[in-house]
């Protein structure tokens with residue numbers, strides 16, 4: 001469940017008035033670990049550290065490397081490093097560390113999401129007599145595939161039209 005900034009500030013203020021983490025969690029009906037997390041985030045990074053994230057943060061491979069090397073050289077826990085670098089989830093650091101151990105720096109590079117773009121057609125603007133044999137073969141293969149696709153589309157449309165006519169004639 002996501003909590004807004006005002007709610008988090010109320011919880012932190014109540015805790016900072018001298019109430020225990022358990023008393024605070026019971027009063028506001030949230031997990032005591034969450035109370036501790038918000039308080040630590042607030043103490044470490046101020047109000048910006050507890051603001052709800054509006055979009056998923058994207059981290060560069062250099063930043064990920066810096067986080068991992070800081071954790072390893074200073075002997076910090078994932079939670080401590082997350083607080084230091086204002087990363088909302090310490091588990092993210094675990095994923096980065098595993099990727100770095102297995103693949104090195106290339107494991108820290110973000111992979112593109114979604115489908116890849118369609119490849120360009122193999123038809124060039126050159127006159128046919130200037131095209132290489134390989135270009136002509138690729139263009140021929142492309143045109144054959146396009147022709148087969150259009151024939152199949154035409155057959156499907158005709159079949160759909162025939163099915164529509166049969167349904168229409170049985171209603172009389």
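A few notes on this one:
- Helix axis angle, 61-74 relative to the chain longest principal axis, alpha carbon, degrees: 30
- GNM result for the chain, Cα springs below 10 Å: residue of 84, 69, 132 fluctuating most strongly: 132
- Stretchable slack from residue 65 to residue 167, in nm (0.36 nm times residue separation minus alpha-carbon distance): 30.2 nm
- Gain in span if fully extended, residue 156 to residue 3, counting 0.36 nm per residue against the direct Cα distance: 49.9 nm
- Crossing angle, helix 90-103 versus the chain [Cα axis fit, 0-90 degrees, rounded to tens]: 60
- Averaging 1/r over each pair of different alpha-carbon atoms in the chain and inverting the result gives 22.5 Å, the Kirkwood hydrodynamic radius.
- Residue order, fewest to most surrounding Cβ atoms within 10 angstrom, among 136, 92, 108: 136, 92, 108
- Helix axis angle, 32-45 relative to the chain longest principal axis, alpha carbon, degrees: 90
Read the figures in this text as sums done on the coordinates, not as results from a lab. Since we're looking at a predicted model, the values are computed, not measured. Cβ atoms come from the backbone with ideal geometry, glycine included; neighbour counts cover every protein chain shown.
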